[in-house]
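Report on the following structure.
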Ligand SMILES: NC(=O)c1ccc[n+]([C@@H]2O[C@H](COP(=O)([O-])OP(=O)(O)OC[C@H]3O[C@@H](n4cnc5c(N)ncnc54)[C@H](OP(=O)(O)O)[C@@H]3O)[C@@H](O)[C@H]2O)c1
């Protein structure tokens, strides 16, 4: 028989309580009320996706005494900026409040007047900003002006999560080449399909809607040829209102892409990246059907990722969302050719017949992922990461 141990006599009790207290204190320390409101501003910013290009996505909130007085996001290129909308909604009540904004307020006259003037006129006493704006017309001037006028500025809140909002835009403005974002969905046991050859919807509709936002935020959506052959995915943005999907790109060393694919119906730009010697007649047929065939170097009988990325950059593509499958995902992680990573987990198990997320082992240090955020989207968990190297490169100049 087991005997219940008396709590009073349990010698470990004090230690456990102290540990629990310490870990709760650490958690509270790490995630502040400011972080919470910046996270809401970032959520708002995503709503503008697909309509603000070449401008960045920006969200803003005006908060006083824990109450949200105004919200806004940049909705369309050339239209009002997020902080102006939020401040106008807050009106007179903005005096003495805190403005949370995901990007430094602008200081130049563009399609709209300088936001920094609007912020000063509103009377807010504090501004919490995720990152500076790398645009050479702003780039720290917004923060300087606010501070010069006695407004308290807190810079760098949720900076990693804010980077993921605008990674493509920031890297383009800074001349840092291609942005690669990886996105995968898996079950709790790390499976990406229930068995080889099966097409499964792993997450629910809300998570898929967010994926459609991710698609709209990139210049191209890349998949491996097996995913095309197994899933025939649509890779579109149908869950968003009137947002055109970017071109579909496939890594297909041996040109197995089917001529009968519905992607070749004339409504979609399709780019097939293949090896130097793959079927010349098939390439001709595919090009006649409307596909763009791009030949790249190979490495170990597969398209070399670096060369594929350079070829796409040369053709004006600055950002790629890589949507799997597992072989492609592991290749990008292993090669360190990524900037952002979104991982969705659905509370299901596919068991031993399921297809694994990765075809190889890559150690934590080599992956080099820095945690950016974690959230629940209608029952699915979304974790996001920034590549440590990209983080250093960008935040050195944006904080
Ligand atoms: N849950 C999810 O998020 C998700 C997303 C997508 C797919 N899936 C599932 O994943 C499965 C397919 O994935 P998979 O891992 O078998 O294949 P995959 O990653 O879709 O495609 C891999 C193939 O792409 C080609 N490729 C060319 N260059 C490459 C490179 N540098 N690195 C890697 N691949 C390269 C190779 O074929 P060649 O040598 O012929 O070129 C390789 O075999 C399906 O079951 C699908 O349902 C799940």
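Summed over segment 321-354, the residues that are on the phi > 0 side of the Ramachandran plot and at pLDDT 95 or above give a count of 2.
Within segment 164-190, being within 16 Å of the ligand (Cβ to nearest atom) and assigned to a loop (DSSP other than H, G, I, E, B) holds for 178, 188, 189, 190.
Suppose the filter is on the phi < 0 side of the Ramachandran plot, surrounded by fewer than 21 Cβ atoms within 10 Å (Cβ to Cβ) and either at pLDDT 95 or above or away from the ligand (no atom under 16 Å from the Cβ) (or both); does residue 156 pass it? So residue 156 fails the test. Among residues of segment 191-221 being closer than 25 Å to residue 390 by Cβ and near the ligand (Cβ under 10 Å from one of its atoms), the one that is farthest from the chain's Cα centre (by Cα) is 192. Inside segment 191-204, residues that are outside any strand (DSSP E or B) and within 23 Å of residue 369 (Cβ to Cβ) make up a count of 2. Annotation: of all residues in segment 40-54 being assigned to a helix (DSSP H, G or I) and touching a helix residue (DSSP H, G or I) at 6+ places or on another chain (Cβ under 7 Å), the one that is nearest to residue 238 (Cα to Cα) is 46. For residue 357, indicate whether it is more than 15 Å from the chain's Cα centre (by Cα), at pLDDT 95 or above and closer than 25 Å to residue 31 by Cα. It is false that residue 357 is more than 15 Å from the chain's Cα centre (by Cα), at pLDDT 95 or above and closer than 25 Å to residue 31 by Cα. Considering segment 244-262, the residues that are within 15 Å of the ligand (Cβ to nearest atom) and either modelled with pLDDT under 95 or under 24 Å from residue 214 (Cβ atoms) (or both) include one that is surrounded by the fewest Cβ atoms within 10 Å (Cβ to Cβ), namely 261. Exactly one residue out of 188, 165, 132 is out of contact with any helix residue (DSSP H, G or I) (no Cβ under 7 Å at 6 or more places or on another chain) and within 26 Å of residue 383 (Cα to Cα), and it is 188. Criterion applied to 398, 393 was being away from the ligand (no atom under 11 Å from the Cβ) and either crowded, with 17+ Cβ neighbours inside 10 Å or at pLDDT below 95 (or both), and the one residue passing it is 398.
Residue by residue, here is whether (1) free of Cβ contacts under 8 Å to residues at least 24 places away in the same chain; (2) farther than 21 Å from residue 328 by Cα; (3) in contact with a strand residue (DSSP E or B) (Cβ under 6 Å, 6 or more places away or on another chain) holds:
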| residue | (1), (2), (3) |
| --- | --- |
| 259 | no, yes, no |
| 266 | no, yes, no |
| 282 | no, yes, no |
| 285 | no, yes, no |
| 294 | yes, no, yes |
| 297 | yes, no, no |
| 300 | yes, no, no |
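Looking across segment 268-279, the residues that are touching a strand residue (DSSP E or B) at 6+ places or on another chain (Cβ under 7 Å), within 11 Å of the ligand (Cβ to nearest atom) and in contact (Cβ under 8 Å) with a residue 24 or more places away in the chain come down to 273, 274, 275. Only strands (runs of 3 or more DSSP E) whose full extent lies in segment 83-163 are considered here, and the ones with at least 2 residues that are under 19 Å from residue 71 (Cβ atoms) are 98-103, 126-131.
Here residue 296 meets the list (1) buried (at least 20 other Cβ atoms within 10 Å of the Cβ); (2) within 23 Å of the chain's Cα centre (by Cα); (3) more than 8 Å from the ligand (Cβ to nearest atom) almost entirely, failing just condition (2). Restricting segment 314-362 to residues that are closer than 11 Å to residue 180 by Cβ and assigned to a strand (DSSP E or B), the residue that is nearest to the ligand (Cβ to nearest atom) is 322.
The values are calculated or read from the model by the stated rules, or taken from the named source; none is laboratory data. Bear in mind the structure is a predicted one, so any value in this text is a computation, not a measurement. Note that each Cβ is placed from the backbone with ideal geometry, even for glycine, and that neighbours are counted across all protein chains shown.
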